[in-house]
There are 2 protein chains.
Amino acid sequence: KGAKKTQSFSGAVTSVTDGLKRLYTEKLKPLEVAYRFNDFGSPLLTNSDFDSKPMVMLLGQYSTGKTTFIKHLLRCNYPGAHIGPEPTTDRFIVVMSGPDERSIPGNTIAVHAEMPFTGLTTFGGSFLSKFECSQMPHPLLDNITFVDTPGVLSGEKQRTQRSYDFTGVISWFAAKCDMILLLFDPHKLDISDEFKRVISSLRGNDDKIRVVLNKADQVDTQQLMRVYGALMWSLGKILNTPEVVRVYIGSFNDKPIDEAATGPIGADLFEREQNDLLVDLMDIPRKACDRRVNEFVKRARAAKIHAYIISHLKKEMPALMGKAKTQRKLIDNLEDVFAKVQREFHLHAGDFPSVEEFKEVLSRYNIDEFEKMKHKLIQAVDNMLGYDIPELLKNFRNPYD
Amino acid sequence: KGAKKTQSFSGAVTSVTDGLKRLYTEKLKPLEVAYRFNDFGSPLLTNSDFDSKPMVMLLGQYSTGKTTFIKHLLRCNYPGAHIGPEPTTDRFIVVMSGPDERSIPGNTIAVHAEMPFTGLTTFGGSFLSKFECSQMPHPLLDNITFVDTPGVLSGEKQRTQRSYDFTGVISWFAAKCDMILLLFDPHKLDISDEFKRVISSLRGNDDKIRVVLNKADQVDTQQLMRVYGALMWSLGKILNTPEVVRVYIGSFNDKPIDEAATGPIGADLFEREQNDLLVDLMDIPRKACDRRVNEFVKRARAAKIHAYIISHLKKEMPALMGKAKTQRKLIDNLEDVFAKVQREFHLHAGDFPSVEEFKEVLSRYNIDEFEKMKHKLIQAVDNMLGYDIPELLKNFRNPYD
Ligand SMILES: Nc1ncnc2c1ncn2[C@@H]1O[C@H](COP(=O)(O)OP(=O)(O)OP(=O)(O)O)[C@@H](O)[C@H]1O
Ligand SMILES: Nc1ncnc2c1ncn2[C@@H]1O[C@H](COP(=O)(O)OP(=O)(O)OP(=O)(O)O)[C@@H](O)[C@H]1O
Ligand SMILES: [Mg+2]
Ligand SMILES: [Mg+2]
């Protein structure tokens with residue numbers, strides 16, 4: 001019987017991502033739509049949610065070498081890149097793969113549903129005019145998208161000049177990103193108030209943060225130790241996680257390392273650090289694929305529980321009289337409803353949504369109009385979880401392994 | 001008239017310390033005694049308070065190389081030194097200059113009034129049996145006294161085995177010391193609960209703390225960076241000062257640096273760090289002398305204010321009747337008394353003692369038995385502050401300059 005189900009699903013599936021996309025459309029989405037899962041939590045997934053490449057965002061004070069870092073990895077400039085000792089990059093630039101070299105203005109990107117940036121419209125027109133997409137064909141960009149950002153400012157005065165919610169935008173990207181690189185250089189160690197706010201806005205994504213102490217060949221070894229020590233000293237206080245953040249010390253630039261300043265330590269240490277960082281970067285697509293599968297499975301489980309709750313509520317409604325009263329009672333005793341559903345289907349209490357938030361959305365609906373339990377929809381998802389996804393992973397494995 | 005006063009004071013003064021000692025006995029102590037300054041604040045100074053050498057205390061987990069560090073500086077073992085990979089030093093050992101090599105047990109040192117350790121008796125017999133003084137003739141010890149300590153333990157269990165107030169003793173030494181060296185090694189970075197308590201007990205003496213990352217040649221450069229970064233990360237959180245603590249990275253040992261592990265960086269960086277640490281150590285006696293003069297001047301000012309307050313209180317007492325009532329009123333309105341004295345003698349409010357603490361001691365005395373204002377005593381101190389001390393500093397300067 002399993003064979004028949006895969007047949008209906010298979011066809012021209014070409015990758016894990018592609019498989020997930022089709023499983024979503026054929027098996028999970030119908031359940032989500034039937035029980036309005038999207039109204040209660042996350043919006044329905046679109047193709048762009050599956051197709052978007054893993055993202056790496058660069059953050060740091062102006063002139064710490066963010067744009068140069070990307071240039072160094074690509075071994076060429078991206079369209080519209082500006083590099084210079086004064087504050088140069090004045091906008092958020094998504095550097096991604098594309099058929100030919102071009103820059104697309106923010107207002108255009110934000111309306112493209114097939115790009116994962118439609119959510120940015122909430123930050124308004126003055127943000128969108130400081131947002132840009134830079135495309136070019138490049139093997140590295142086939143696997144990773146970079147987000148170059150305007151340098152964080154140090155003066156309090158200048159912050160008020162930002163015409164949009166800078167930390168809000170960063171927080172939005174941080175949630176979508178797979179890695180966040182904080183760049184420092186030996187002469188720009190101080191963490192300004194704006195930088196502190198930026199770092200706070202990364203909260204919840206701490207595990208994605210890596211630090212680069214760039215231009216490390218601009219000081220001698222003893223100074224480098226002082227600089228590095230001072231950086232760790234203050235980062236420990238600001239990041240406030242018990243695990244020490246990984247710092248890569250080096251000079252991420254085309255120019256050869258300045259051995260006159262660093263002594264022989266540079267050539268050796270910096271090269272090893274650079275290699276470590278490259279290995280970590282190359283590891284992102286593999287990790288991102290694993291994470292996508294994980295999150296998909298989590299979403300499917302949540303959608304199932306949601307369906308159980310909704311259909312249970314519907315079942316409790318009387319056929320003719322007293323609908324309003326029952327609805328009120330059900331909402332007031334939602335905790336009991338959750339408990340009953342949990343017992344009936346042997347679920348974990350921890351997998352349930354927040355009672356309060358659920359109540360709030362629920363009160364805007366007429367329970368009587370909800371769907372009854374549709375076993376076929378549930379079974380399709382169970383089948384997907386128990387058979388299709390393991391099969392998909394077996395057939396394609398992680399393409400980056 | 002100044003000349004006459006100096007004559008009475010001069011004689012065979014041989015150093016700044018010697019001069020302060022004599023000024024104290026001849027000019028300041030009489031004022032302190034007359035107005036019971038010692039009952040209200042700091043005990044009378046003894047010769048040992050002037051003669052004691054600047055002290056450097058070493059702290060750290062067991063086997064981080066504290067005893068080896070002292071041996072390395074002295075270029076020989078001190079009497080009773082034990083070095084080994086297991087916890088070896090099991091007591092507090094004061095390593096100081098002496099006519100010949102010998103160890104003196106804690107119980108004996110604590111009763112010697114000419115040594116600055118009588119205060120340690122409050123920690124009881126079981127501490128004194130874990131306290132020792134190690135003497136030897138040595139040019140370095142002529143300028144600095146070292147305090148070797150038992151390794152800080154990592155297990156919670158072992159703490160309960162200490163038979164005395166370990167952090168209390170460390171806190172006592174910290175107040176007397178001029179520098180506190182915290183030793184770490186790359187394999188003993190974790191800061192245990194006992195170590196955290198030890199560091200807390202240093203509070204108020206943060207400016208004396210220096211950190212040594214010892215045995216740095218036991219790991220390669222990249223590992224060393226990780227280790228050093230992790231150390232700064234956690235020290236920043238624990239020391240909780242905005243200023244970055246100075247960390248000396250090296251291997252403080254007789255054995256040559258293991259270049260195989262460190263690469264050429266070791267020979268260069270470690271040597272420079274070691275030199276910096278030596279320069280800082282050699283600077284201690286000079287700084288200690290300056291500090292002693294400063295503290296002496298502060299004490300003299302405090303003693304003068306104290307004398308003004310006491311004699312003012314005495315003056316307010318009636319000749320015959322109502323003494324008890326007046327005493328009560330004076331104590332109740334001590335704040336007004338302070339304000340009056342302040343105005344009368346043009347003093348700073350900030351230089352006055354705490355009203356509450358003063359009240360408490362005062363209530364145990366009979367104000368009527370206090371001394372009246374004795375202008376000669378005050379004048380002697382004024383003369384000392386305005387003439388003798390500047391003259392002393394001019395004649396002898398700082399012997400370490
Ligand atoms: N590793 C490096 N070593 C030496 N100089 C560097 C290095 N990286 C960048 N630079 C120089 O530093 C300056 C700033 O570089 P870049 O414009 O890439 O910084 P940025 O962080 O993107 O600044 P902004 O925030 O203003 O966009 C340029 O002059 C660049 O040549
Ligand atoms: N710089 C160094 N490089 C390599 N080994 C060292 C170094 N310093 C000390 N050692 C070794 O480490 C071990 C512990 O040294 P030592 O006894 O001086 O430590 P300690 O901090 O005094 O320990 P304890 O707290 O137990 O008294 C010894 O075997 C010593 O030889
Ligand atoms: Mg830039
Ligand atoms: Mg020892």
Taking other Cβ within 10 Å of each residue's Cβ, how do A:H312, A:H375 sort, fewest first?
A:H375, A:H312
What three numbers, in Å, describe the spread of the alpha carbons of region A:168-313 along their principal axes, ordered from the longest?
73, 33, 26
Could you give me D for the protein assembly as shown, from Stokes-Einstein at 4 °C and 1.567 mPa s, where the hydrodynamic radius is the Kirkwood radius over C-alpha pairs? Units µm² s⁻¹, please.
39
Peptide B:271-280 - average C-beta neighbours from other chains (10 Å radius):
1
Can I get the semi-axes of chain A's equivalent ellipsoid? Compute them from the C-alpha gyration tensor as square roots of 5 times the eigenvalues, in angstrom, largest first.
46, 25, 20
Can you give the average number of partner chain beta-carbon atoms within 10 Å of each beta-carbon in peptide B:234-240, as a whole number?
4
Quick one: Karplus J couplings for region A:79-96, per residue in order, coefficients 6.51, -1.76, 1.60, θ = phi - 60°, nearest Hz, x for Gly and Pro?
x, x, 6, 10, 10, x, x, 8, x, 10, 5, 10, 8, 7, 10, 8, 9, 9
Quick one: if the Förster radius is 30 Å, what FRET efficiency do B:L278 and B:S163 give, using the C-beta to C-beta distance and rounding to 0.05?
0.25
To check you understand DSSP bridge types, tell me what percent of the beta bridges within the protein assembly as shown (both residues inside) are antiparallel, rounded to 5.
25
Distance violations [Cα-Cα > 26 Å] among B:K66/B:K287; B:K298/B:K340; A:K71/A:K130; B:K66/B:K298; A:K21/A:K314; B:K130/B:K255
B:K66/B:K298; A:K21/A:K314; B:K130/B:K255
Net charge near B:D276 (other residues with Cβ under 14 Å of its Cβ; Lys, Arg +1; Asp, Glu -1) is -2
Rounded to 0.05, the calculated FRET efficiency for the beta carbons of A:R246 and A:H112 at R₀ = 45 Å is 0.85
In Å and on Cα atoms, what radius of gyration and Dmax does region A:112-185 show?
13.9, 41
Using DSSP, restrict attention to beta bridges with both residues in chain B and report what percent are antiparallel, rounded to the nearest 5.
25
Arranged by the count of other C-beta atoms within 10 angstrom, fewest first, what order do A:E132, A:E316 take?
A:E316, A:E132
If you add up the charges near A:S234, with Lys and Arg at +1 and Asp and Glu at -1, over every other residue whose beta carbon is less than 14 angstrom from its beta carbon, what do you get?
+2
How far apart, in nanometres, would the label points at B:D290 and A:T326 be if each is projected 7 angstrom from Cα along the Cα-to-Cβ direction?
8.7
For B:T108, label point 7 Å along C-beta direction: distances to other copies, nm
9.1
Could you pull out every residue, at least 5 positions away or on a different chain, whose amide H is within less than 5 Å of the one on A:G80? Hs are placed 1.01 Å off N in the peptide plane, and Pro or chain starts have none.
none
What's the whole-number percent of alpha carbon pairs in region A:227-334 lying beyond 25 angstrom?
60
Modelled label-to-label distance, B:R343 and A:A175, 7 Å Cα→beta-carbon offset: nm?
6.5
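Ignore the peptide's own chain and count Cβ atoms of other chains within 10 Å of each Cβ in A:177-190; give me the average, rounded.
Shielding by partners across A:177-190 averages 0.
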Expected output is a single nm value to one decimal: the length gained when fully extending between B:R364 and B:S48, i.e. 0.36 nm times separation in residues minus the C-alpha distance. What is it?
110.8 nm
I'd like the orientation of helix B:323-332 relative to chain B: the angle between its Cα long axis and the longest Cα principal axis, in ° from 0 to 90, rounded to 10.
40
Straight-line reach check, A:K53, cutoff 14 Å on alpha carbons, 8 or more apart in-chain or any other chain, hits among aspartates and glutamates -> A:D18, A:E114, A:D142, A:D178, A:D283, A:D290
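Count charges around A:L181 for me, please; just the other residues with Cβ under 9 Å from its Cβ, Lys/Arg as +1, Asp/Glu as -1. Could you put the intermediate results ahead of the total?
On the way: positive: A:K66, A:R210; negative: none.
Summing Lys and Arg as +1 and Asp and Glu as -1 gives +2.
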Please list, in chain and number order, the residues 5+ apart from B:V212 or on another chain whose amide H is under 5 Å from its amide H, with Hs placed from the backbone.
B:L182, B:L183, B:F184, B:Y248
Check B:V95: other-chain or 5+ apart residues with amide H under 5 Å from its amide H, H built from backbone geometry?
B:S134, B:F146, B:V147, B:D148
Subtracting the Cα-Cα distance from 0.36 nm times the residue separation, let me have the gained length for A:D193 to A:K298 in nm, one decimal.
34.1 nm
From the C-alpha gyration tensor of region B:106-242, square roots of 5λ in Å
29, 18, 15
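Each reported figure results from applying straightforward, stated rules to the coordinates on display, with no laboratory input. No experiment lies behind these values; they were computed from the predicted model shown. Note that each Cβ is placed from the backbone with ideal geometry, even for glycine, and that neighbours are counted across all protein chains shown.
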